[in-house]
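The values are calculated or read from the model by the stated rules, or taken from the named source; none is laboratory data. Since this is a predicted model, take the numbers as computed values, not measurements. Heads up, the Cβs are rebuilt from the backbone with ideal geometry, glycines too, and the neighbour counts pull from every protein chain shown.
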Amino acid sequence: MLWGGLRIGWVRAAEPLRSELIARKSALNLGTAAISQALAAQLLAAIDDDWLAAHRTALTQRRDQLAALITAYLPAWQARPPDAGLSLWAELPVSNADAFVLAAARHGVTIMAGSSACADGLHRQFVRISFAEQPGTLELAAERLAAA
């Protein structure tokens, strides 16, 4: 909700799941950076319910705007609103979207190929597009994606 690069999370769990999660987390890395934890604590303390509601409303509007722009500018694409997150996944009418990601970059739009988010190599015909940008930026991005 606040910052896509801030990778902090909490899990409440009863034993024995709690011990299992701690063991797996420890095996994967040595811990989360203390500065990230401190920043997350400060951000969470600063959030109030009104701000959170307004932020969610703005993100929902941007998500819907991006979906509508894709329908208008790129009707051959299939996009559906995500269940969670700040990115819309769109299926392109091609078997491999990697080349399109490069073309989009040449037009000034950075999007992610679905294949780079999928360990098994599936989702090659998909791209991931953030809707966290301002409405005007989303409009420009859709125009540039159509040009690409």
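One line per residue, one yes/no per condition, for (1) farther than 16 Å from residue 79 by Cα; (2) touching a residue at least 40 places away in the same chain (Cβ under 8 Å):
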site: 109; (1), (2): yes, no
site: 113; (1), (2): no, no
site: 122; (1), (2): yes, no
site: 126; (1), (2): no, no
site: 142; (1), (2): no, yes
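Quick check, is residue 58 under 24 Å from residue 123 (Cα atoms) and not hydroxyl-bearing (Ser, Thr, Tyr)? Walk me through how you get there before you give the answer.
On the way: under 24 Å from residue 123 (Cα atoms): no; not hydroxyl-bearing (Ser, Thr, Tyr): yes.
So residue 58 fails the test.
Can you go through 37, 42, 65 and tell me which one is under 16 Å from residue 3 (Cα atoms) and touching a residue at least 24 places away in the same chain (Cβ under 8 Å)? Give the derivation first.
Values: 42 fails: touching a residue at least 24 places away in the same chain (Cβ under 8 Å); 65 fails: under 16 Å from residue 3 (Cα atoms).
Sole residue among the options that is under 16 Å from residue 3 (Cα atoms) and touching a residue at least 24 places away in the same chain (Cβ under 8 Å): 37.
Given the criterion out of contact with any Pro (no Cβ under 9 Å at 6 or more places or on another chain) and over 24 Å from residue 137 (Cα atoms), identify the matching residue among 26, 87.
Numbers: 87 fails: over 24 Å from residue 137 (Cα atoms).
Result: 26 is the single residue among 26, 87 that is out of contact with any Pro (no Cβ under 9 Å at 6 or more places or on another chain) and over 24 Å from residue 137 (Cα atoms).
Rundown of residues vs (1) at pLDDT below 95; (2) closer than 19 Å to residue 116 by Cα; (3) more than 20 Å from the chain's Cα centre (by Cα), yes/no style:
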| position | (1), (2), (3) |
| --- | --- |
| 40 | yes, no, no |
| 46 | yes, no, yes |
| 52 | yes, no, no |
| 65 | no, no, no |
| 72 | no, no, yes |
| 82 | yes, yes, no |
| 86 | yes, yes, no |
| 94 | yes, yes, yes |
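Residues that are surrounded by fewer than 13 Cβ atoms within 10 Å (Cβ to Cβ) and of a type in the set (Asp, Glu): find the helices (runs of 4 or more DSSP H) completely inside the range 36-148 holding 2 or more of those.
Values: elements: 49-73, 98-106, 135-147.
Correct list: 49-73.
Tell me which of these residue 25 doesn't satisfy, since it passes every other one: (1) farther than 29 Å from residue 135 by Cα; (2) at pLDDT below 85; (3) exposed (fewer than 13 other Cβ atoms within 10 Å of the Cβ).
Of the numbered conditions (1) farther than 29 Å from residue 135 by Cα; (2) at pLDDT below 85; (3) exposed (fewer than 13 other Cβ atoms within 10 Å of the Cβ), the odd one out for residue 25 is (3).
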